[in-house]
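In what follows, a structure is listed as structure tokens, so that the remarks can point back to it.
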Amino acid sequence: MVFKRLLGAIGVGGPSVDTVLDGGAALPGGALAGRVLLRGGGAAVEVEHIGLELIARVEAEHAEGESEGTVVFERFTVGGGFRLGEHAERELPFSVPLPWETPVTDLHGQPLGIVLGVRTEVAVAGARDKGDLDPLAVRPLPVQEAVLEALGGLGFGFRSADLEYGRIGGTGQQLPFYQEIELTPPPQYAHAVGEIELTFLASPTGVEVVLEADRRGGLHATAHDALTRFIVRHEDAPARDWPAEVDGWIRQVTEHRDAYGSHAAYGHDGRPPAGLHSFETHHSGPGLGTAVAAGAAGLALGVAGGMVAAEVVDEIGDFFEGEED
């Protein structure tokens, strides 16, 4: 256990906090369980509020290029209204529901480069301190895993994964950002498409699978994007012929003449959108997800996957250390 002293708002000698999440990756729409551990400082204090925030590192495009920042996408109250004695210890177990659209961070134990965290906020004597930040691992739902396995079986390769601030028009998206998984096509599709971008939008009833194809132009045509969505119920996950199903989806989106919808515009004035924090502007380039080892899922990545996965873990660790500072 690593207790973090609450210094910023409460003062030296105040209580300390450590949040411990239950082992294993969580599931979108499932329970996130753990314990908040408090240890009293040099004097008794009234603990007014203990809250958890779910945060995500996201990217946003605007007139000046791209920015990265953090978004709080859910908040929970897990305790408060008690007195914590001098040097006393108190444990508060919790179980809270994850949003259905919570992004997937891990696939068969391999990190995708998506950064999610659980931040603990403690309020004592009217002062609030964000005292602890822990990485959050999320595994795919059965439908999501089946689609990814089928894509890997068809020969698609993993290129990158990130979180994009904004909305996809015409969908039931709830969060202010969406996860985008970029895939390279196998030879049988390479003549028609340069890249496939995959987004999952889960809900209590099923999953919207959004596919965007970066279509190649012919001799007298212009390359353009086509976007199509498919809806799958959760109970259908074990019943479908997924290789045939996904192959049909890919053929439909690569042959589709008109895009279903488009990513909603934001930041028309060239400024980073509201609600994001700690932005660092940069020009477009390879993201963190370009270095992900997703070979365990069947996505063809290559022999360097293991080394790259370690680089991803290092970068995620650096991010959380920076946030806590």
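Points worth noting:
- Flag for Val36 being among the aliphatic types (A, V, I, L, M), crowded, with 21+ Cβ neighbours inside 10 Å, touching a Phe, Trp or Tyr at 6+ places or on another chain (Cβ under 8 Å) and assigned to a loop (DSSP other than H, G, I, E, B): no
- Answer from Arg229, Arg119 - the residue that is surrounded by 21 or more Cβ atoms within 10 Å (Cβ to Cβ), of a type in the set (Lys, Arg), at pLDDT 90 or above and assigned to a strand (DSSP E or B): Arg119
Residue-by-condition table, conditions (1) at negative phi; (2) touching a Leu at 6+ places or on another chain (Cβ under 6 Å); (3) without any contact (Cβ under 8 Å) to a residue 40 or more places away in the chain; (4) not assigned by TED's automatic domain parsing to the domain that holds Arg35:
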site	(1), (2), (3), (4)
Arg57	yes, no, no, no
Thr70	yes, no, no, no
Arg75	yes, no, yes, no
Arg83	yes, no, yes, no
Glu89	yes, no, no, no
Leu98	yes, yes, no, no
Thr102	yes, no, no, no
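The values are calculated or read from the model by the stated rules, or taken from the named source; none is laboratory data. All of these numbers come straight from a predicted model, not from anything done at the bench. Backbone-built Cβ (ideal geometry, glycine too); neighbour counts: all protein chains shown.
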